[in-house]
Amino acid sequence: MHELLEFINLPLPYHLVAGLFIRLSLIIYGDFHDKTYDLPYTDIDYSVFTDAARHVLHGQSPYKRQTYRYSPLLSYLLVPNMILGKDFGKILFSIFDIFITIAVKKLVEHQLGPKSIATNIPMYCSFLWLYNPLSIGISTRGNADSVSCFTIILSLLFLQTDVVKGLKKYALSGFLLGLSIHLRLYPLVYSFPMYLSLGVTKIPRKITMKEGLLILWPNLKQLTLAMSCIATLFILTYGMWELYGYEFLYETYLYHASRIDIRHNFSVLFYYSYLSMNQVTFDIVKNVTNLFKAVILFLLSIKYGADPRTLPFAMFCQTVVIVAFNSVMTSQYFVWFLSLLPLVAHSFKMSRRKAMLLALIWMTAQGAWLFYAYLLEFKGREVFFLIWLKGVVFFCSNIFVLVQLLGSYTIGYGFGVGQVSHLKTQ
């Protein structure tokens, strides 16, 4: 136990090396596993990325690879797979994990202010990503979500700290937010709370339409953030349109609006999608679900987005809601909110026992679903209904855990090491 505590309290660079070593070891193991076992370690998406990169290298469209549903930028990133070796992408995604860890530590240091100098809280928070089995597994299996997670956290870092000063920080934050939206559509919901955080710190419960419009009227900081984000998103999207036309627009964006996944889908709407596949033109169930989701996202923005101190929590809660209510949900989606969890974990006022219980509830519900998914996909059992029941349980576990976190959220709690009120306004 003493040796473990000594290791935990080593300076961050030692942990970064350890975290990267773990990932590289799993990448090497993954190659052995793929050659030895029928159930591959490498994610099928990695083969899709690699094939798309091969097409790009030969001057062709990445969308010649069937099921490639991502921005062409990702295929460009993986061109070295063809030159330096097939594991380049996995190593790259693992390096982005390291960058996320560093950015998380910087942000938590800013949140805690002077207290962070006397404690290891920022480093402990960064461990929630660096040593998280799910983040390690997702990146080493060849999933690219660490790239978009990093751009989101870096956007928040520029927005809330003085790494860069003046209006440049808001321009850089907007650029990175626009880039993350181009890579993955879901960061679009962060734009509203990030915008609000640069204005008034509190929105009154009772407010007239005129007062609301005045509150939303942009100041120079908000205008810089918004224009930078919009310009970046427009330039990237228009550039890809010029290169690949409507095929890019459909495969990267429009496809996801009508996507139906009847396998490896945690969503509570899984069984409904399976039964109604190709039978409905206007899906009232999914549209009502999206309406509820939009209302919740708006309320979270109003409640937690206006105050810079609670902005990371607003983004975390929004991401949990997006994932929980989505009609398609796979394991890689979980890293969307798990990458933001380290930024707010120190502000949950709860016992270790309760924290472990909530983690156990979430993991057990997920494990139960995975068991039946295994029976379906690899044993050929017709267990669609049972998978749906586990999906309902998993949905309830997500909402229950989120409600518990909302109830225990305390600004600047710092794992109980006194209250902290420090956080510079933008």
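The values are calculated or read from the model by the stated rules, or taken from the named source; none is laboratory data. Predicted, not measured: the structure shown is a model, and the values here were computed from it. Methodologically, a virtual Cβ is constructed for each residue, glycine included, from the backbone with ideal geometry; neighbour enumeration extends over all protein chains shown. Heavy atoms of the whole protein, side chains included, go into the accessibility calculation; ligands, DNA and RNA do not. Shrake-Rupley method; radii C 1.70, N 1.55, O 1.52, S 1.80 Å.
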For segment 73-84, 3J(HN,Hα) per residue [Karplus equation, 6.51 cos²θ - 1.76 cosθ + 1.60, θ = phi - 60°, Hz, x = Gly/Pro]: 4, 5, 5, 5, 4, 9, 4, x, 4, 7, 10, 8
All aspartates and glutamates inside 14 Å of LYS286 as judged from Cα atoms, apart from same-chain residues fewer than 8 positions distant: ASP261
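Just flag the chymotrypsin sites (Phe, Trp or Tyr not before Pro) in segment 278-345 sitting in loop per DSSP whose Cβ has no more than 14 other Cβ atoms within 10 Å.
PHE282
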Qualifying aspartates and glutamates (Cα of each under 18 Å from Cα of LYS90; at least 8 residues distant if same chain): ASP31, ASP34, ASP43, ASP45, ASP51, ASP145
Carbon and sulfur %, accessible surface of the chain computed with the full protein complex present, 1.4 Å: 68 percent
Segment ARG353-TRP217, length gained on full extension (0.36 nm per residue, minus Cα span): 44.4 nm
Normalised contact order of segment 102-145, rounded percent, pairs of Cα under 8 Å and 6 or more residues apart: 32 percent
Number of Lys pairs (Cα under 19 Å; 8 or more positions apart or on different chains) in segment 99-184: 6
The chain: most fluctuating residue of ILE83, ILE98, ILE230 per GNM, C-alpha cutoff 10 Å: ILE83
Ranked by how many other beta carbons lie within 10 Å on average, peptides 137-148, 69-80, 354-365 from highest: 137-148, 69-80, 354-365
Residue-span extension gain [LEU360 to PHE384] - 0.36 nm each, minus C-alpha spacing: 6.2 nm
Helix-derived mean residue ellipticity, 222 nm - over the chain, DSSP H n ≥ 4, -39500 (n - 2.57), to 500: -21000 deg cm²/dmol
Accessible area in square angstrom per residue, the chain, 1.4 angstrom probe: 49 Å²
Estimated vicinal HN-Hα couplings, Hz - segment 296-309 in sequence order (Karplus 6.51, -1.76, 1.60; Gly, Pro = x): 5, 4, 5, 5, 5, 5, 5, 6, 10, x, 5, 9, x, 5
